[in-house]
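Remarks on the structure that follows.
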Amino acid sequence: MINKTVNNVTEALEGVQDGMTFMLGGFGLSGIPENSIKELVKRNIQDVTCISNNAGVDDFGLGLLLKKKQIKKMISSYVGENAEFERQMLSGELEVELIPQGTLAERCRAAQNGIPAFYTPAGYGTEVAEGKEVRDFDGKPHIMEKAFVADFAFVKAWKGDEAGNLIFKGTARNFNPLMCGAAKVTVVEVEELVKPRELDPNFVHIPGIFVQRIFQGETYEKRIEQRTTQS
């Protein structure tokens, strides 16, 4: 069994360079790769394209990269919680590609499974369809969407073993599984790293074949994006 572990986040991000395209798991602030994002900020990586459902908030998650203007382009579905994102987009400082959430998920899955493109009705008749091939299926128009091409995928899992087998917990099982194996290199940070055969195979969500590097994260803030309480 191949050991995919690296000692820390510094080793995990070896080979990261300016101008690359990154996939980052998470939904809102749930399940985001906190350690990997902090390391990207620390390294001051510039002119990157980020594929992520959200753009974090002003002072957390991808908002940290936006604050330092390290991101050249965002490919996202929902970005309404980040004022700095809005400012950069409206001022023309940031390239933005907004796509339907289901299409975002499917473009990740297509890349994961080696499917170059697919057809979907989502977005037809809107700006999303501009410049894309359209075909009719059963009398309904569909637009062609291409699988994502990315250099690194940064994923957060709850528990993993040294071979890269992963278990996700709760709502953190969002875009993270879809991004495993969808880039040239998949880097996974986990809350708990265990020895091979310690995970019950019946509960493994992603097999290690989709993972190149895995490490145990140091700390996780797990911030709540919108806290709702009952008085």
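The values are calculated or read from the model by the stated rules, or taken from the named source; none is laboratory data. Every value quoted in this text rests on a predicted model; they were computed, and no experiment measured them. For neighbour counting, all protein chains shown are included, and Cβ atoms are generated from backbone atoms with ideal geometry for every residue, glycine included. These area figures cover heavy atoms from the full protein model, side chains too; ligands, DNA and RNA do not enter into them. Shrake-Rupley method; radii C 1.70, N 1.55, O 1.52, S 1.80 Å.
Points to keep in mind about this one:
- Mean Cβ count within 10 Å, highest first, over the residues of peptides 46-55, 65-74, 3-12: 46-55, 65-74, 3-12
- Across all Cα pairs in region 1-109, the calculated P(r) in 5 Å bins from zero up to the longest distance comes to 2, 12, 23, 25, 19, 11, 5, 2, 1, 0, 0 percent per bin.
- Surrounding net charge for residue 143, when Lys and Arg each add one and Asp and Glu each subtract one, Cβ distance under 10 Å: -1
- Once backbone amide H atoms are built at 1.01 Å from N, residue 205 has 166, 167, 168 as its partners under 5 Å, excluding neighbours fewer than 5 places away on the same chain.
- Degrees, to the nearest 10: 34-43 long Cα axis against longest axis of the chain: 80 degrees
- Reachable aspartates and glutamates, given that their alpha-carbon falls under 17 Å from the alpha-carbon of residue 67 and they are not under 8 places away in the same chain: 18, 34, 39, 47, 58, 59, 81, 84, 86, 93, 95
- Within the shell defined by Cβ-Cβ distances under 13 Å, the residues around residue 171 carry a net charge of +3, with Lys and Arg each +1 and Asp and Glu each -1.
- Neighbour net charge for residue 132 - beta-carbon separation under 13 angstrom, K R +1, D E -1: -2
- Cα gyration tensor shape of region 40-85, rounded if a/c is under 1.5, else prolate or oblate by comparing a/b with b/c: oblate
- Among 195-207, 153-165, sorting by the average number of other beta carbon atoms lying within 10 angstrom of each residue, highest first, gives 153-165, 195-207.
- The residues of region 86-206 present an accessible area of 51 Å² per residue when probed at 1.4 Å with all protein chains retained.
- Cα coordinate range in region 99-228, projected on the principal axes (Å, largest first): 52, 38, 28
- Dipole moment magnitude, nearest 20 debye, region 1-46 about Cα centre, only Lys, Arg, Asp, Glu C-beta charged: 60 debye
- Principal axis extents of the C-alpha atoms in the chain (largest first, rounded to whole Å): 52, 48, 40.
- Karplus-derived 3J(HN,Hα), 6.51/-1.76/1.60, for each residue of region 68-75, Hz, glycine and proline x: 8, 6, 8, 9, 8, 9, 10, 10
- Carbon + sulfur, % of accessible area of the chain - ligands and nucleic acids excluded, 1.4 Å: 48 percent
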